[in-house]
1. Hey, could you check the stretch B:325-363 for residues that are within 18 Å of the chain's Cα centre (by Cα), of a type outside the set (A, V, I, L, M, F, W, C) and in a helix (DSSP H, G or I) and say which is farthest from B:G170 (Cα to Cα)?
2. Could you please find all residues in the stretch B:242-273 being more than 15 Å from B:A113 (Cβ to Cβ) and β-branched (V, I, T)?
3. Just one of the numbered conditions (1) within 16 Å of B:D219 (Cβ to Cβ); (2) at the interface with chain A (Cβ under 9 Å from one of its Cβ atoms); (3) open to solvent by less than 10 Å² (accessible area, probe 1.4 Å) is not true of B:G421; which one?
4. With respect to B:F396, is the statement that it is of a type in the set (F, W, Y), within 15 Å of B:A212 (Cα to Cα) and either part of a helix (DSSP H, G or I) or in contact with a strand residue (DSSP E or B) (Cβ under 6 Å, 6 or more places away or on another chain) (or both) true?
5. Please find, within the stretch B:214-263, the residue that is modelled with the lowest pLDDT out of those that are within 14 Å of chain A (Cβ to nearest Cβ) and open to solvent by less than 20 Å² (accessible area, probe 1.4 Å).
6. Just for the stretch A:59-71: of the residues that are open to solvent by less than 60 Å² (accessible area, probe 1.4 Å) and of a type in the set (V, I, T), which one is nearest to the other protein chains (Cβ to nearest Cβ)?
7. Any idea which of (1) aliphatic (A, V, I, L, M); (2) assigned to a helix (DSSP H, G or I); (3) at pLDDT 90 or above is the one A:A100 doesn't satisfy?
8. May I ask you to verify whether B:F463 is under 30 Å from A:I60 (Cα atoms) and either open to solvent by 20 Å² or more (accessible area, probe 1.4 Å) or in a helix (DSSP H, G or I) (or both)?
Amino acid sequence: MSDGTDRRVDIAVALFLIVVCAIGLFETRSLPPGTFEPLGSAPVPQAVAGLIILLCLVVIVRALRRPPAEPDGLERSWLDAGAVILFTLAYAAAMHFRLASFAILTTAFLTVCIGALVRFRPKSMPVVLIVALATGFGCQYVFTRVFIVDLPGL
Amino acid sequence: MDGLLSGLATVFQPLAFFYCVLGTVLGIAVGAIPGLTGAMLIALTLPLTYYMTPTDAVVLLISMYVGAITGGLITATLLRMPGTPSNVMTTFDGYPMARAGKPGRALGLGIAASFVGGLVSWVFLWQLSKPLSIWATRFGPFEYFTLIMMAMVLIASVSQGSMVKGLIAGLLGMLVSMPGVDPSSGQPRLTFDWYMLNGGLKLLPVLIGVFAVSQIISDILELGRKVERVEASSSGILIRLRDYRKHGLNMLRSSLIGTFVGILPGVGASIGSVIAYTAAKNVSRTPERFGQGAEEGVVASEAANNATVGGALVPLIAMGIPGSVIDAILIGALMVHSIQPGPTLFLTNADVVWAMIATALVANFVMLAVMLGTAGWVARLAYLPRSHLLPVIVVFCIVGSFGLDNTMFDVWVMLIFGLIGFALERARYPLGPFVIGFVLAPLMEEKLRSGLMMTAGDITPIFTRPIAAVFLLCAVLLLVWPLIGSWRRRPTSDSLAE
């Protein structure tokens, strides 16, 4: 029963889940049995992880029975998505290490991120800058002065 | 009736009514922007509700829920892009109607059907919630355990795609909810000796990651997609009484289907609209017109998807079981405000419950007014450049996750679950069971363990207590039925020889 997924994706995700569950099973093996109640802390996560592993094996077997899909080139949109993910991780890391204020980091993140999505076209960049500045400094003002919410960053 | 009147009085307080209008308008706006969903909006709004009273918070969130389901109708009709997944069936007939020069009529029928669907399901919400919650107070731990088990199997079995993947997604959600200090024994588990995990993974960062971040990544992949548009026109948007008479039966039937599909735990608006559309097509005298601009198609789809809202709130209010993914987020919202969803909600927080019920009614009227007055303008939101919008939403995701406890740990959790959600979605694992498994697993485990404590480890009451046994039987049937179905569909050697 195929749901139209590329079998490589199916196998990769199932293997990832198997590894996660195996780590979970390994971590729960040292949990002591229950003292005041019959079940204890370990059996439920162990049963759940075991079931996931079993079902993932079913997914892998089904995927292996399907013919492989034609390999496709790396599309531009995948590069865009990869770039946004990388910029987001860098933005979060910069806030984690408090490299600058929220407003400055957000403005920089949005300029680079939206800029990359519009291919840094000179015609689009003024709008990108306006959006970045308005969001960065606007959010800082609204969240700290109106909603009284702490923001990440310096 | 007193409860409802007090709920209505709460919703018509100036601030609460402002939240109701704001929530409905925001819901419609987000619903009208393809790629943004009601679940995303509600998950991102949740952190802002910490500073509200619980009543104001539920008024805002439920209004968003009602608005978001309806807003998707506009882009489904004018752009052939369902604003939310529940509007997919509307595109089949709404867009051909719009291309045939009747965009206003298509929108008008959709809005009228949405309104009727919302009202019909609200009547069930009003009348069923309290009796059902009183009945549910008789449940012991084994009944609850088997009810949640049945709900999980049901969610997995009706989720789009493979049932095995639905089950994996549900189980994965359960596993992800387990790190932290075990509430029954006080023993840390699955924490890897990392103190940040002692409190477990919080619902909000996981939700924002799974619904918002993964959706943003998916949307970026679709940025280059061309949009076929039809100019918005409000001409014919006001539906006459004779149209209600003409489509009344279809509206009522679809609303009832939507309501009952909504009541089933975890089964959302998408499935309700598919079933209602199919039913309308099956009883139509002109089934061949479906897919080519049949008015009945728009009516059936929109009445049903809006009816699921009220239906889905029934198990949430009566039993603390989410009727849809958005209801799972609403459960999280209640818990954030220290309100424990479940059958005792009518006793412990009657004001909040009646405000929820009243909001479901008032938001429908607000939705009708806003949609009739602004459908043409709202349609233009779909042309907002998503390359500008999506990174801004990333900023809101980070602020929302950070705001929970002022810790970057939650931001990293949100980002990691965004990537996991994206990977799961690429491999066609439904995300609904994941979230509902995440929300329900702690309750399910707690009930099982307290039941076993009561019986000194004896599991047989699951089979001998009538209600528990019925739930268990349903779970088994739901699990086995698709397998039997696929086995019966398998070609025999004789048919292959033929």
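The values are calculated or read from the model by the stated rules, or taken from the named source; none is laboratory data. On a predicted model such as this, the values are computed, not experimentally measured, just so you know. No Cβ is skipped: glycine too gets one built from the backbone with ideal geometry, and neighbour counts run over all protein chains shown. SASA here: full protein model, heavy atoms, side chains in, ligands and nucleic acids out. Shrake-Rupley method; radii C 1.70, N 1.55, O 1.52, S 1.80 Å.
1. The extreme case among them is B:T359.
2. B:V261, B:I263, B:V267, B:I271
3. (2)
4. Numbers: of a type in the set (F, W, Y): yes; within 15 Å of B:A212 (Cα to Cα): yes; either part of a helix (DSSP H, G or I) or in contact with a strand residue (DSSP E or B) (Cβ under 6 Å, 6 or more places away or on another chain) (or both): yes.
Yes: the conditions hold for B:F396.
5. Within the stretch B:214-263, the match that is modelled with the lowest pLDDT is B:D219.
6. Looking only at the stretch A:59-71, we keep the residues that are open to solvent by less than 60 Å² (accessible area, probe 1.4 Å), and these are A:59-60, A:63, A:66, A:69.
When the remaining residues are screened for being of a type in the set (V, I, T), the result is A:59-60.
Details: A:V59: 6, A:I60: 11 Å.
The extreme case among them is A:V59.
7. Status for A:A100: all satisfied but (2).
8. no
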